[in-house]
Amino acid sequence: MENASGQPQTVVVLGGSSDIARAVTRKLCAARAHTVVLAGRNQNLLDAAAQETHKYGVTTDTVLFDARDVANARATVSEAFEKVGDRVDLVIVAVGILGDQFAMDDDAEAAGLMATVNFAWPVAALAEVRRRLVTQGGGRILVMSSVAAVRVRRVAYLYDGAKAGLDRLCDGLADSLEGTGVILQLLRPGFVRSKMTTGTPERPFTTGVDEVAENVMKGLASGERVIWSPPILRYVFFALRHLPAPLWRKVMAS
């Protein structure tokens, strides 16, 4: 049950070793979360993320899964909920890979992997998350999307396209939860300095993971459907999404 200030006290993080997820988890722990379950594919990274929560006196556990295998999504969610051992206040879905678009242009296997990890596995997991939260009578879901979901770029169309699919699906999923006591919120960060973007040139409005986490905390408090980070990108992408295609390609190539 969320505390008197509306802060989640029990949290499941799918993709718990990602830099953004870790930053958000630290903020949640500082805001009085008392139980966290981190799920991911690398036990060493999960252990490092769990170590960060210990200074807050938080009970933390981990779950291993491989997002390349959609068949394990339901079992992963079930195991995470069972390890919480109580009502789950918040589920964060932060699963994804970026990849090298130009290396994957003609690679059917790589294209399929991008679609599976960035779209299919999260969708399967969300189905089980939805069922469990509705059954318990409430809760919150935060899905990590991207500003890239607003308009797909040539330089990353496999990643952007999968995020766009997840983003649109979550619009409908959020509507399906009306009246259930469950809320779904989307996080749309811009370019974030993290291990996933290491070696990639920074873009306008680049932020760090702690800035994103701060915007998430404000968004969780306000309950807004879409959390933009930084907030100015809401207006930037309102304009960019309406650019004529030739101009869009030119802007993205610059």
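Under 22 Å between alpha carbons, and skipping anything fewer than 8 positions from Lys195 in its own chain: which lysines qualify?
Lys27, Lys163
Going through the stretch 192-250, which trypsin sites (Lys or Arg not before Pro) have at most 16 other Cβ atoms within 10 Å and a DSSP loop state? Walk me through the intermediate numbers first.
Details: sites: Arg193, Lys195, Lys218, Arg225, Arg234, Arg241, Arg249, Lys250; in loops: Arg225, Arg241.
The qualifying sites are Arg225, Arg241.
Which helices count as membrane-span-like in the chain under these terms: full DSSP H, at least 15 Å along the axis by C-alpha, Kyte-Doolittle mean of -1.0 or more?
Values: long enough: 19-30 (17 Å, 0.27); 43-54 (16 Å, -0.70); 73-84 (17 Å, -0.02); 121-136 (23 Å, 0.12); 157-176 (28 Å, -0.20); 209-222 (20 Å, 0.20).
For the chain, where a helix must reach 15 Å along its axis and average at least -1.0, the hits are 19-30, 43-54, 73-84, 121-136, 157-176, 209-222.
Counting only other residues whose beta carbon sits under 14 Å from that of Thr180, what net charge do I get with K and R as +1, D and E as -1? It would help to have the intermediate numbers written out before the result.
Details: positive: Arg130, Arg131, Arg132, Arg140; negative: Asp175, Glu178.
The answer is +2.
With runs of 4+ DSSP H residues as the only contributors, calculate the mean residue ellipticity of the chain at 222 nm using -39,500 (n - 2.57) per run, divided by the residue total and rounded to the nearest 500. Each step should come with its number before you reach the end.
Numbers: 10 runs with 115 residues, N = 254.
Mean residue ellipticity, 222 nm, calculated: -14000 deg cm²/dmol.
Share of the chain's accessible area from carbon and sulfur, percent, 1.4 Å?
Details: 6380 of 11610 Å².
Here carbon and sulfur together make up 55 percent of the probe-accessible area.
Can you give me the accessible area per residue for the stretch 73-163, using a 1.4 Å probe, in Å²? Walk me through the numbers before you get to the answer.
Details: 3490 Å² over 91 residues.
Counting only protein heavy atoms, the per-residue value for the stretch 73-163 is 38 Å².
Remind me, relative contact order of the chain in percent, using alpha carbon pairs under 8 angstrom and six or more residues apart? It would help to have the intermediate numbers written out before the result.
Values: 438 pairs, mean separation 44.8, N = 254.
Here the relative contact order equals 18 percent.
Report the net charge of residues surrounding Arg68, where surrounding means a beta-carbon distance below 14 angstrom and charges are Lys +1, Arg +1, Asp -1, Glu -1. List each step's numbers first, then the result.
Numbers: positive: Arg41; negative: Asp66, Asp69, Glu109.
Net local charge, Arg68 excluded: -2.
Could you rank Tyr159, Tyr56, Tyr235 by how accessible they are, 1.4 Å probe, largest area first?
Details: Tyr159 25, Tyr56 80, Tyr235 155 Å².
If we order Tyr159, Tyr56, Tyr235 from most to least accessible, we get Tyr235, Tyr56, Tyr159.
The values are calculated or read from the model by the stated rules, or taken from the named source; none is laboratory data. As the structure is a computational prediction, the values presented were derived from the model and not from experiment. So basically every Cβ, Gly included, is an ideal-geometry build from the backbone, and we count neighbours across all protein chains shown. Surface areas here come from the heavy atoms of the whole protein model, side chains and all, with no ligands, DNA or RNA. Shrake-Rupley method; radii C 1.70, N 1.55, O 1.52, S 1.80 Å.
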